[in-house]
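The values are calculated or read from the model by the stated rules, or taken from the named source; none is laboratory data. Not measured: the values here are computed from a predicted model. Note that each Cβ is placed from the backbone with ideal geometry, even for glycine, and that neighbours are counted across all protein chains shown. Protein only, heavy atoms only, side chains kept; ligands, DNA and RNA dropped before computing areas. Shrake-Rupley method; radii C 1.70, N 1.55, O 1.52, S 1.80 Å.
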Amino acid sequence: MGMTKQMIENLVAFQVNEITESLVYRNLSKLEKNPENKRVLEHIANEELKHYKVLKQFTNKAPLPDKFRVWKFTQIARIFGVTFGIKLMEKGEVHAQSNYGAFKEYPELVQIATEEGVHEKELINMIDEERLNYMGSVVLGLNDALVELTGALAGFTLALNNPGLIALTGSITGIAAALSMASSEYLSTKSEGGGKSAIKASAYTGTAYLITVILLILPFLLLSNVFLSLSITIGTALGIIAVFNYYYSVAKDESFKHRFLEMAALSTSVAGISFLIGYLLNKFTGINV
């Protein structure tokens, strides 16, 4: 049985996707310095090009790639890392794979669906990227900063009731905690071994903590209303949690919803308890700043 016009149109759309992704992988292979990663990326680029040529045998057409999509995912991978960029792009292939699977009477197309669904995922997981190897250190820095500092700022808000003093106290607390966390991560990584650099792990933890400290304290430096500042700080904390967990869920193939709700609940709960403690201390000690 011959293909219908709609089937041909679907295959042409798949061709565009294949040649587009082939060019993305080719661009990334040129940017990659790690020889093994370069080899993997070149191999996937060749696989995508092979799929394009197989489809051409059925469509007798040679559609052009989506140049904007090539540019977009090349830049995303350049900024956020190769693994994140690739996996974000590959998420869009789920629908295409199911459509390929609909062509069961054409073994060549079924083979493409299989390779898209399994073979390339295995290849992508072979990519060795430093920022993902130290993701645990980033999680440690972010999580501690979000929980500890959000809670501390909530407590300071009622106990001190002065935006400048809250920002100063929070800065001292945050910087001291960042240095403490960085040194603890250094000692922990060094004692564990496992091939990771203790210095790099320490740097990732400390940097993640310090960046979070700056973002959470900023509202108290810019606004005079301490309660509005605290509200913005908590909103900022939730925003950081959402952005980071989206990145993590894509790069690590984990559930965004579960990780986000867990971290958000922890941070807001500690902030609420600390706010209550600050209120009680302010009321029963009678100390006003």
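Model label sites at Asn34 and Ser197, defined 7 Å from Cα along the beta-carbon direction, differ in position by 1.4 nm.
Compared with the alpha-carbon gap, the fully stretched path from Leu223 to Tyr106 is longer by 35.6 nm at 0.36 nm per residue.
What percentage of all Cα-Cα pairs in the stretch 132-289 are separated by more than 27 Å? Every Cα pair in the stretch 132-289 considered, those over 27 Å come to 27 percent. From helices alone, the chain scores -27000 deg cm²/dmol at 222 nm; the rule is -39500 (n - 2.57) for each run of n ≥ 4 DSSP H residues, then divide by the residue total.
Ordered by solvent-accessible area of protein heavy atoms (1.4 Å probe), largest first, the residues Ser197, Ser224 come out as Ser224, Ser197. Taking all protein chains as they are arranged and a probe of 1.4 Å, the heavy atoms of Met3 leave approximately 50 Å² accessible to solvent.
The accessible-area ordering, largest first, of the residues Ile234, Ile240, Ile86 stands as Ile234, Ile240, Ile86, per a 1.4 angstrom probe.
The modelled label-to-label distance for the pair Leu168/Ile214, using points 7 Å beyond Cα in the direction of Cβ, is 2.2 nm. Taking a probe of 1.4 Å, how large is the accessible area per residue of the chain, in Å²? The answer is 52 Å² per residue.
A straight Cα-to-Cα reach below 28 Å connects Lys38 with the lysines Lys30, Lys50, Lys53, Lys56, Lys67, Lys72, Lys87, Lys91, Lys121, Lys196, Lys200, Lys252, residues fewer than 8 places away in its own chain not being considered. For Lys72, the accessible area of its heavy atoms, probed at 1.4 Å with every protein chain present, is near 70 square angstrom.
Across the chain, the relative contact order, built from alpha-carbon pairs under 8 Å that are at least six residues apart, equals 19 percent. Between Lys61 and Glu9, the simple spin-label model (points 7 angstrom out along Cα→Cβ) gives 0.9 nm. Computed over the stretch 163-210, the quotient of the alpha carbon radius of gyration and 2.2 N^0.38 Å is 1.38. Membrane-span-like helices in the chain, defined purely by DSSP H runs whose alpha carbon atoms cover 24 Å or more axially and whose average Kyte-Doolittle hydropathy reaches 0.0, are 163-192, 198-222, 226-252, 256-285. Using equal-weight Cα scatterers in the Debye expression, the normalised intensity of the stretch 10-82 in log10 at q = 0.14, 0.21, 0.23 Å⁻¹ is -0.43, -0.84, -0.95. Charge dipole (Cα centre; +1 on Lys/Arg Cβ, -1 on Asp/Glu Cβ; no other charges) of the chain amounts to roughly 560 debye. Rg and Dmax of the chain, both derived from C-alpha coordinates alone, stand at 25.1, 87 Å.
Ordered from largest to smallest accessible area (heavy atoms of protein chains, 1.4 Å probe), the residues Asp253, Asp66 come out as Asp253, Asp66.
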